[in-house]
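Novice: Next up is a structure, given as structure tokens.
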Amino acid sequence: MELLKLISKRRSVRQFLPGDVEQEKIDYLMECARLAPSAMNYQPWKFIIVKSPDKKALLHRCYNREWFTSAPMYILALGDTNRSWKRQPDGKDHCDIDLAIAFEHLVLAATEQGLGACWVCNFDVELCGTLFNLPANMIPIAITPIGYPVHEQEPVTNRKPIEAIVEII
């Protein structure tokens, strides 16, 4: 699929059909995330695929929204601050930026495979770290539910025009 068409098709999906996602599709998503670029190629990420009912229940505690409980699986994206590049001279940690690039690769791959996803960043990070017994350097940055969407995704139309976001100087 042409990249621009794929990007315009990607939507935040909040309603999922019941049923599992095929392992080959999960593998494809993970390969797309794995190939993402990162600062200094440090690749400071880890992805936890959450499929078991007990672990899904833990995630639901971190983000308590009714729509969030309908997905057959989730991907929890962790940033490793021990492995991330820090910009000099201000020390800006690029862990979140690097992980966002990989995560968007994953979400676009899901769209290409006919799956739905939705970036979730407004969750209880501290509780997530505790419930999943994460070391201090592994920061939960984003979660996405993954599954087959209930509705066909319409192309994106509600974006600002180019003139509103680009300045040529």
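The values are calculated or read from the model by the stated rules, or taken from the named source; none is laboratory data. What you are looking at is a predicted structure, and each value in this text was computed from that prediction instead of being measured. Note that each Cβ is placed from the backbone with ideal geometry, even for glycine, and that neighbours are counted across all protein chains shown. Remember, those area values only see protein heavy atoms, side chains included, never the ligands or the DNA or RNA. Shrake-Rupley method; radii C 1.70, N 1.55, O 1.52, S 1.80 Å.
Novice: Out of A36, A77, which single residue is hydrophobic (A, V, I, L, M, F, W, C), open to solvent by less than 50 Å² (accessible area, probe 1.4 Å) and farther than 18 Å from C118 by Cβ?
Specialist: Checking each option against the conditions leaves just A36.
Novice: Residues of segment 52-74 being open to solvent by 90 Å² or more (accessible area, probe 1.4 Å) and in a loop (DSSP other than H, G, I, E, B), which ones?
Specialist: Selection gives N64, R65.
Novice: Testing A110 on (1) in contact with a strand residue (DSSP E or B) (Cβ under 6 Å, 6 or more places away or on another chain); (2) surrounded by 19 or more Cβ atoms within 10 Å (Cβ to Cβ); (3) more than 21 Å from K51 (Cβ to Cβ); (4) not charged (D, E, K, R), one condition comes back false. Which one is that?
Specialist: Tallying (1) in contact with a strand residue (DSSP E or B) (Cβ under 6 Å, 6 or more places away or on another chain); (2) surrounded by 19 or more Cβ atoms within 10 Å (Cβ to Cβ); (3) more than 21 Å from K51 (Cβ to Cβ); (4) not charged (D, E, K, R), A110 fails exactly one: (3).
Novice: Here is a further query. Going through I143, I101 one at a time, which residue ends up being open to solvent by less than 20 Å² (accessible area, probe 1.4 Å) and closer than 19 Å to Q43 by Cα?
Specialist: So the residue among I143, I101 that is open to solvent by less than 20 Å² (accessible area, probe 1.4 Å) and closer than 19 Å to Q43 by Cα is I143.
Novice: For the condition out of contact with any Leu (no Cβ under 6 Å at 6 or more places or on another chain), small (G, A, S) and without any contact (Cβ under 8 Å) to a residue 40 or more places away in the chain, what is the one hit in A117, A164, A71, A100?
Specialist: After applying the criteria, what remains is A164.
Novice: Just give me the residues in segment 112-135 being more than 30 Å from K9 (Cα to Cα) and either within 15 Å of the chain's Cα centre (by Cα) or not in a helix (DSSP H, G or I) (or both), in sequence order.
Specialist: Of everything in segment 112-135, those that are more than 30 Å from K9 (Cα to Cα) and either within 15 Å of the chain's Cα centre (by Cα) or not in a helix (DSSP H, G or I) (or both) turn out to be F132, N133, L134, P135.
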